[in-house]
């Protein structure tokens, strides 16, 4: 088996999917990338027990086809130090020895049989498919993943809840202290469904979705999802369990509502919080009809800050 590929292109794709690989894999082969060559397309896969991610790279001067597992460190680390140039891969199908030739050198090592790499489970016949703009998925993840928990006793809180209705998709996350709910009416479904996406695949998608321009296809059953993008595919296992009724904790008749410029508010809080107590990071807000006064202080070091931003506030004055 032989092929030629750009070192920069290969390195970029490898670095993206390398985040899947666990620092303590349960199987030695899961410390490897799976390379599968067919025609002029190289499919590269990384996996752990929960997530499987594959990407596709165009190659040239390819001879033969087949699969091979290569230690991730052996393949990726040298590429990080190489300037962009063509790489020639030559694989001996008999002893699995890999030679990689570049402009002024080469390196070689032994691979593992591609057939030994774990394969994903097939989705069952009840699987549902949704196709929608990839930026909707990116926006939903970006706005919710920060609110997910790290709670071993309540694993359902450790992911993003996808609440799918016939006329919208709602992303929900909560750690018990804060709750985020984001709804998109641009996603339609033939039937009602839901699942909990773990934090790890959510962050992996968050990394690749900014490069995508087009639609994402999400096919899922009760336990798994297959997420297809232009250059990447992902298979992931859901968090098992029933997500709490999030609507029950959202007040429906709260009279206190504030409208303000998000960026101005965010920057003001960042500036003022510099002067807060490092152990608590507490920032005080005083709300009135047309302004918010943001203050912080650190009594130990005699530092303090105060900033006022305009807003529209409907409700009783409060601190």
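Rule-based calculations on the coordinates, nothing more; no lab input. Keep in mind that this is a model prediction, so the values were computed, not measured. Please note: Cβ atoms are built from the backbone with ideal geometry, for glycine as well, and neighbour counts cover all protein chains shown.
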What is the angle, in °, between the Cα long axis of helix 262-273 and the longest principal axis of the Cα atoms in the chain? Nearest 10 is fine, range 0 to 90.
80 degrees
Gyration tensor (Cα) of region 45-97, equivalent ellipsoid semi-axes in angstrom
20, 17, 13
Rounded to the nearest 10 degrees, the helix 7-18 long axis (Cα) sits at an angle to the longest Cα principal axis of the chain of 60 degrees
With the convex hull built on the Cα atoms of region 1-153, state its orientation-averaged projected area in nm².
12.3 nm²
Quick check: convex hull of the Cα atoms in region 128-249, volume per residue, rounded to a whole Å³?
95 Å³
On a 0 to 90 degree scale, rounded to 10, what angle separates helix 134-144 from the longest Cα axis of the chain?
50 degrees
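What percentage of all Cα-Cα pairs in region 257-314 are separated by more than 15 Å?
That tail contains 46 percent of the Cα-Cα pairs.
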For region 193-280, alpha-carbon Rg relative to the globular expectation (2.2 N^0.38 Å, N residues)
1.61
Calculate for the chain the 222 nm mean residue ellipticity that helices alone would give, adding -39,500 (n - 2.57) per DSSP H run of length 4 or more and normalising by residue count, nearest 500 deg cm²/dmol.
-5000 deg cm²/dmol
Across every pair of different alpha-carbon atoms, what Kirkwood hydrodynamic radius in Å does region 72-144 reach?
16.9 Å
Given (i) -0.52, -1.19, -1.27; (ii) -0.36, -1.19, -1.31; (iii) -0.58, -1.05, -1.13, the label whose value is log10 I(q)/I(0) by the Debye sum over Cα atoms at q = 0.08, 0.15, 0.16 Å⁻¹ derived from this model
(i)
Using a Förster distance of 25 Å, the FRET efficiency for residue 265-residue 304 (Cβ separation, nearest 0.05):
0.80
Dividing the mean separation of Cα pairs under 8 Å (6+ apart) by the residue count of region 257-314 yields a relative contact order in percent of 39 percent
